[in-house]
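Before any comments, here is the structure.
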Amino acid sequence: MRSCFAGLADGLHDQLADDTDYAVLFEYHHRRIAGVFRSQPDLPLHQDSVGGFLHGFLTTAAHLIPDGSVQQQTTFPVLGGTLLLARHLPIPDAPATAGRAFIDRLADELPQSPASVHDDLALALVTGAFAIAGDIPVTCSALGGFCLGVIYTNPWLPDGIDPTALITAACHLALHIR
């Protein structure tokens, strides 16, 4: 298991017991996140893409959801759902460009071309997330997962907060992977 999931499992050990209130919420998000990945058949589902999802979600939650808010407090079950999904997935043996079709399609929908990204803060947040992730490589599928994690935060974001710069930065990085 990738180290980010092993660490998450250690941190959630008590909450992962079936007799807790969190079990239902963890399973709910597990099913929803799995559905998000199933809806994107050109994005591989493995520990690296789900690791990207986890760090996309965490980055967005940490930087765009107000500290101490009810929204921030209710994001916790997503972590357990992500772990439930990832724990039985393989560590991929795939080219770094696997998932490029997803990135290309996502990049075509962005208001700003990822090739000309100018948001240095967003780019630093994406690269910083992968530095924190440790053993999640920066691949198209991991960056695609990162984008899905950013998108998944939408219900928790305050009105007027747009995470598109993070998605654009992740696509920018992916478009340079050969």
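Summary table below
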quantity: Members of the stretch 109-131 found to be open to solvent by 30 Å² or more (accessible area, probe 1.4 Å) and assigned to a helix (DSSP H, G or I), listed by number; calculated: E109, A115, S116, D120, L121, L123, A124, L125, T127, A131
quantity: Looking only at the stretch 13-37, and only at residues there that are over 21 Å from G51 (Cα atoms) and of a type in the set (D, E, K, R), the one that is modelled with the lowest pLDDT; calculated: D19
quantity: Unmet requirement for L45, which otherwise passes all of (1) within 22 Å of L12 (Cα to Cα); (2) among the hydrophobic types (A, V, I, L, M, F, W, C); (3) open to solvent by 40 Å² or more (accessible area, probe 1.4 Å); calculated: (1)
quantity: Filter result (assigned to a helix (DSSP H, G or I) and of a type in the set (A, V, I, L, M)) within the stretch 139-163; calculated: A142, L143, L148, V150, I151
quantity: Residue match in the stretch 53-66 (condition: part of a helix (DSSP H, G or I) and free of Cβ contacts under 8 Å to residues at least 40 places away in the same chain); calculated: yes
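Each row is one residue, and each column tells you yes or no for (1) open to solvent by 50 Å² or more (accessible area, probe 1.4 Å); (2) over 17 Å from the mean Cα position of the chain (by Cα).
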{"site": "P95", "(1), (2)": "yes, yes"}
{"site": "A133", "(1), (2)": "no, no"}
{"site": "T139", "(1), (2)": "no, no"}
{"site": "C171", "(1), (2)": "no, no"}
{"site": "I177", "(1), (2)": "no, yes"}
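The values are calculated or read from the model by the stated rules, or taken from the named source; none is laboratory data. Computed from a prediction, not measured in an experiment: that's the story for all the values here. As a convention, Cβ positions derive from the backbone with ideal geometry for all residues, glycine included, and neighbour counts pool all protein chains shown. With ligands, DNA and RNA removed, areas are computed over all heavy atoms of the protein, side chains included. Shrake-Rupley method; radii C 1.70, N 1.55, O 1.52, S 1.80 Å.
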